[in-house]
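Asks: Before we start, here is the structure in question, set down as structure tokens.
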Amino acid sequence: MAPVVDTLRLTAEDAIGLVQRGDVSAGELHAAYLEAIEERDGELHAYLRTVEEADGASIPIALKDVISTRGVETTAGSRILEGYVPVFDATVAARCRAAGLTLLGKTNTDEFAMGSSTENSAWGPSRNPWDPALVPGGSGGGTAAAVSAGLAPWGLGSDTGGSIKQPSALCGNVGLRPTYGSVSRFGVVAFASSLDQIGPVAKTVRDVALLYSIIAGRDRCDSTTVELPEEVRLPEDERVDGLRIGVPRQLADLDAIEPGVRAAFERSLELAEELGAELGECDLPLSYRYGMPCYYLVAPAEASSNLARYDGVRYGLRTEADTYDGMVERTRDDGFGPEPKRRIMLGTYALSAGYYEAFYGQAQKVRTLLIREHREALEPFDVIATPTSPAVAFPIGDKAADPLAMYACDLLTIPSCLAGLPGLSIPCGLSDGLPVGLQLLGPQFGENTLFRLGHALERALGFDTVPERLR
Amino acid sequence: MSAWEPVVGLEIHVHLKTRTKMFCRCPVGFGAGENTQTCPVCLGLPGALPVINRRAVEWTIKLGLALGCEIRGHAVFARKHYPYPDLPKGYQISQYDLPSCVDGKVILPSADGDREIGIVRAHLEEDAAKTVHVGGRTGRIGGADYSLIDFNRGGTPLVEIVTAPDIRSADEAKRFLQLLRQTIVELGISDAEMEKGALRADANVSVRPAGSNELRTRTELKNMNSFTFIARGIEAEVERQVGVWESGGEVRQETYDFDAASGKLTPRRAKEEADDYRYFPEPDLVPVEPPAELVERLRGELPEPPGARIERLEGTLGLERSSVLVTGGLDRLWEETVAAGAEPVQAANVIANALMGAGVDPGSVSATELARLVDARDRIPRAAFDEAVSKLGEPGFSADPYLTQEAVSDESELEPVIARVLEANPGEVEAYRGGKDGLLGFFVGQVMKETQGKANPRVVSELVKAKLSA
Amino acid sequence: MAISRDEVLHVARLARLALTEDEVDRLTTELGAILEAVGVVAELDLVDVPPTEHPLDVVNVWGEDEPHESLPLDDVFANAPAREGDLFRVPPTV
Ligand SMILES: [Mg+2]
Ligand SMILES: [Zn+2]
């Protein structure tokens, strides 16, 4: 029997239309995705587990495995949470359910969302649908690979320093890291609380905007959420007359940006100008020099604290020992992989007596400067544009042994995350046959502007999100 | 001993009696089944986030105001990390360098004038869960086979009050705590019952040569669960430290645990590693910035502080009596009783001794009936008086049936009894004549006993005095 | 910016990680390199800059003191590694 729908090309918006018109049933749609998963996920390993039955709702969705789902195992890619079945839904999961979305499965992630390649998953790496020898990016490589390979119409990821934007770029998807405070973190396994945000990944900007409208807004279970100052608008305009785009002068000096990435980025800027945008230069000198160091102090410090709860007492792995301390220390040694251990150690050190001021304290001051720098840079502009990732997808294993090389993947995504600002990544072309991401950054709660520009560019670029080898 | 001056500071934890916990809306309360008052937040499940209890914040501000504190316009919760199974997140959420209340002072009326006890800070935090140690030889931690945890108490709101090292004696520490306890009870924010652990005090103790301003090494006394134990613990520790200094030794910084069973302080086993709490601002919460209107509204709700009331009553009743009345929450009844015509000192004595001794709830007592009883105290038989007092709390109580009974004041009836008592206690008689006036009460008591409480004690007293001075 | 083996062991104790000898060796090298990289934040003179307390400019977010339903015991212990009665069981704390 031929599949009812071509999941490779189907957008969420189209899927909603099919179901609403009665062309396919929710069950058929769900089955079509399960069939696609059956066919392609053996190679890609985008999913850690799937849910076999549609529960009566309509459009399927994939959720990153850091998002708690009642009754469905949630491991955050870690052995320490093996077999952990949440007894409550994360707010974003509950909102998806309330909007009629049905859970298709939980997608792979770097352990506790720590990584840029999904190689740090305790359950093995995911692979890039454009070339299975390559990483899909991370930490949300599972969701990105699933959307790219037609294994889900859309999905949710979490982004701390680039974990939505970077894999979206490497897999040729659209991904939004929302303004800090616009989406509830309740029920999402915490990595770094002052940075974590949940956001959508999809094939189109309109799908991303639609999913964002479903999950965003104040949640009384998350004290750091606010009501959106304006409603989410699904973008329609094909022109962006008068929109002002700032391009950081410092990009010119960043050798890490590959020539093919730079070329695709510059072509998309020219296109934006043709669509009516006004281009100018802005300055983010501190961001590119101190963003990464600042991030790798603040995020591990918070992570060392957030991961203190994994002690083998109430849930998760437990390695027995004669004393409580022994049990906890052995459980944690057995349960955490190398990257969480590295970050727990780094963060504990940065917060410890005698080092707090020089490391964590200093980093939080740097963060103040980065917030100011972004505010000033955005003053004369509506949007700042940069490449999302300095490089296209790299081979699995390439950077696995060198933490610092891995950390450098997020050079361009990290600074705005520290500033709490929204960022949208859209595919803007190919370099060596691999997708290049364009990162659009806005002021706090500037998502609608990002959607407007992203949508217009997406239409003009005509990027085919289906990996060439799967067409 | 007098060459040394104790220097004592207190750290007091008070359970707020909010309906729900500090950072989740699980109910707070004793008696619920183990772990039935828990949720993802207070169990520290992955992804759970804290939400501040508004009432706990308001009550902390109110307490701060009652303690004369400055209410900070910007307070921040921090994470304090330490490893223990009763701490599900691996950290306690507590205000740290930016607490809600700072720089207060409490006036403690004392025999030698007012004493000012500084309040360094009062801050809000969450309590740990309850751990039960099972098995082992002694049933104590050191010998336990394993431990069991009930998270019901985990996350309940606590206010921590830290005093300056302004306290100069064990008795002063006790009186300060009694005053503080009463202040808290009257604010309606806690039952502050030490027996139930709703008020816990630790003491930092050092000594110095009297008259000097130095601060010597202090030790910490933990887990003392009654006013008496606190006073006793401090006294013993002061004595020990004086002994150490006087024998040429040096007091070492140590922590002692108070053991309620033995009544002794035992040094805690020194940890291999110094505590390193790694505080940092809790990123899951936003700052507390109480608007001025809120602070002013709460200030307007403050009752007259107990310290001021002690001072007000001191002229009439003396420090001791007025302190007992006020810190016992009895002064309002006393005032009403006096207003109803009772003699003030008599009324104070009856309320503080007879009424409290009988375990009567002062809130249920009719001041008018009490005043009539106080007035008739010497006239009616002691047994009738005692019975009447014990029934004062009963609804619709009337003193009438007791007031018609007369104590025996007839000298001819009393004299043979008195003679018998004096004859039976020749040693006491001799001692009394030798100047031990205090034995008068003994003789009166014996006579009361002989007459089954029917004699008028005032008349007996007069007769005994006359007889023995003859 | 080097970190000594002893410091790594000390931090591991604070972090409650029973590291193997190999892990201690590897982390001593890796953390040294990472600290060197992140240590560049020290080159900025930031005495007058306030630390970021929160990325969001919001204050006074709280909930009313009204009880909600707690979890049923089945849920409380759904993932418990060791339960005794209605209590969580752990090895002795000393
Ligand atoms: Mg405390
Ligand atoms: Zn709770």
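Asks: For region C:81-88, does any single residue satisfy the condition of being under 23 Å from the mean Cα position of the chain (by Cα) and modelled with pLDDT of 95 or more?
Replies: Taking every residue of region C:81-88 in turn, at least one turns out to be under 23 Å from the mean Cα position of the chain (by Cα) and modelled with pLDDT of 95 or more.
Asks: For residues in region A:101-135 being of a type in the set (S, T, N, Q) and in a strand (DSSP E or B), which is modelled with the lowest pLDDT?
Replies: A:Thr102
Asks: Same structure again: Only one residue in B:Gly33, B:Gly9, B:Gly68 is within 16 Å of ligand 2 (Cβ to nearest atom), surrounded by fewer than 23 Cβ atoms within 10 Å (Cβ to Cβ) and not aromatic (Phe, Trp, Tyr). Which one?
Replies: B:Gly33
Asks: Could you name every one of the strands (runs of 3 or more DSSP E) located completely within region A:195-309 that has at least 1 residues being within 14 Å of chain B (Cβ to nearest Cβ) and in contact with a strand residue (DSSP E or B) (Cβ under 7 Å, 6 or more places away or on another chain)?
Replies: Result: A:197-202.
Asks: Would you confirm whether any residue within region B:49-57 is surrounded by fewer than 24 Cβ atoms within 10 Å (Cβ to Cβ), of a type in the set (Val, Ile, Thr), closer than 17 Å to C:Asp74 by Cα and modelled with pLDDT of 95 or more?
Replies: no
Asks: Could you figure out which of (1) under 20 Å from the mean Cα position of the chain (by Cα); (2) under 19 Å from A:Ser158 (Cβ atoms); (3) among the basic types (Lys, Arg) isn't true of A:Arg127?
Replies: So the condition that A:Arg127 fails would be (2).
Asks: Of everything in region B:146-166, what is away from ligand 2 (no atom under 16 Å from the Cβ) and within 11 Å of chain C (Cβ to nearest Cβ)? Give them in sequence order.
Replies: B:Tyr146, B:Ser147, B:Leu148
Asks: Let me ask something else. Quick one: which strands (runs of 3 or more DSSP E) sit completely within region B:1-96 and have at least 2 residues that are within 16 Å of ligand 1 (Cβ to nearest atom), without any contact (Cβ under 8 Å) to a residue 40 or more places away in the chain and at negative phi?
Replies: Those strands (runs of 3 or more DSSP E) span B:91-95.
Asks: Here's something else I'd like to know. Any residue at all in region B:132-146 that's buried (at least 19 other Cβ atoms within 10 Å of the Cβ) and within 16 Å of ligand 1 (Cβ to nearest atom)?
Replies: No.
Asks: Is it fair to say A:Val313 is at the interface with chain B (Cβ under 9 Å from one of its Cβ atoms), surrounded by 24 or more Cβ atoms within 10 Å (Cβ to Cβ), at negative phi and not in a helix (DSSP H, G or I)?
Replies: yes
Asks: Of the conditions (1) within 16 Å of ligand 2 (Cβ to nearest atom); (2) within 14 Å of chain A (Cβ to nearest Cβ); (3) surrounded by fewer than 22 Cβ atoms within 10 Å (Cβ to Cβ), B:Lys80 satisfies every one except a single condition; which number is it?
Replies: Answer for B:Lys80: the failing condition is (1).
Asks: Can I ask one more? Has region C:56-70 got any residue that is within 30 Å of A:Arg372 (Cα to Cα), within 10 Å of chain A (Cβ to nearest Cβ) and modelled with pLDDT under 95?
Replies: Yes, region C:56-70 contains a residue that is within 30 Å of A:Arg372 (Cα to Cα), within 10 Å of chain A (Cβ to nearest Cβ) and modelled with pLDDT under 95.
Asks: Another one. Run B:Cys101 past the list (1) more than 11 Å from chain A (Cβ to nearest Cβ); (2) touching a strand residue (DSSP E or B) at 6+ places or on another chain (Cβ under 7 Å); (3) within 16 Å of ligand 2 (Cβ to nearest atom) and report the number of the one that doesn't hold.
Replies: Result: B:Cys101 fails condition (3) only.
Asks: Residues to consider are A:Glu73, A:Glu82, A:Glu53; find the one that is acidic (Asp, Glu) and more than 14 Å from chain C (Cβ to nearest Cβ).
Replies: Unique residue meeting the criteria: A:Glu53.
Asks: What is the residue count in region B:107-130 for residues that are more than 16 Å from ligand 1 (Cβ to nearest atom) and surrounded by fewer than 22 Cβ atoms within 10 Å (Cβ to Cβ)?
Replies: Going through region B:107-130 one residue at a time, the tally reaches 11.
The values are calculated or read from the model by the stated rules, or taken from the named source; none is laboratory data. These numbers come from a predicted model, not from an experiment. Every residue, glycine as well, gets a Cβ built from its backbone with ideal geometry; the counts of neighbours run over all protein chains shown.
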